[in-house]
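The values are calculated or read from the model by the stated rules, or taken from the named source; none is laboratory data. What you see is a predicted model; the values in this text were computed from it and never measured. Note: ideal-geometry Cβ built from the backbone for every residue, glycine included; neighbour counts use all protein chains shown.
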Amino acid sequence: MKEISVKKEIPAEIHRLFDFTQDIEKRLLWDKQTEEIRFIRPHIRLKEGAEVYVLSKGGVELETRYLSFDRPNEISIEMTNQAGVFKTFYGRWDYSSTEKNQTILKITYRFKLKFPYNLLYNTASRKINRNIRMKLKGLYDYIVENPI
């Protein structure tokens, strides 16, 4: 299984950043890598066990289940659908406070690709790494412009 992690210091207090980034209704304000995000019924709020549909700008569709929801420290998800390029996909967002009352957000994705995409692991890994970096940059830029 391939693992990619990227972290960035964000100028926001940990509780506020956690709540902001885990608010599905606000996600598209800052996450320019995501085209659509919504709950899968019957879920209406994020918590352990909640299911969420995500469509990336690149056309990748993921149905996910929250494995953990530990405010304000971390969330983790797993892919539940079998469509698309991924054989398995897990994500984890870790939040940690700094002495400057800011937050380091570390996003980690672990995945296996389906055939024939698994023949292009290096290309896929670079694209996923770029996606995480752009997601964190979008969040940073949004928070600088619109403090929470």
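Of the candidates Lys87, Lys112, Lys137, Lys100, the single residue that is within 18 Å of Glu9 (Cβ to Cβ), of a type outside the set (Ser, Thr, Tyr) and not in a helix (DSSP H, G or I) is Lys100. Which numbered condition trips up Leu62, out of (1) of a type in the set (A, V, I, L, M, F, W, C); (2) at pLDDT below 95; (3) assigned to a loop (DSSP other than H, G, I, E, B)? The single condition Leu62 does not satisfy is (3). If you go through the stretch 25-58 and keep only what is assigned to a helix (DSSP H, G or I) and crowded, with 16+ Cβ neighbours inside 10 Å, you end up with Arg27, Trp30. Within the set Glu99, Glu74, Glu61, the sole residue that is closer than 23 Å to Tyr140 by Cβ and surrounded by 13 or more Cβ atoms within 10 Å (Cβ to Cβ) turns out to be Glu74.
Could you tell me whether Val85 is without any contact (Cβ under 8 Å) to a residue 60 or more places away in the chain and under 11 Å from the mean Cα position of the chain (by Cα)? Spelling it out, it is not the case that Val85 is without any contact (Cβ under 8 Å) to a residue 60 or more places away in the chain and under 11 Å from the mean Cα position of the chain (by Cα).
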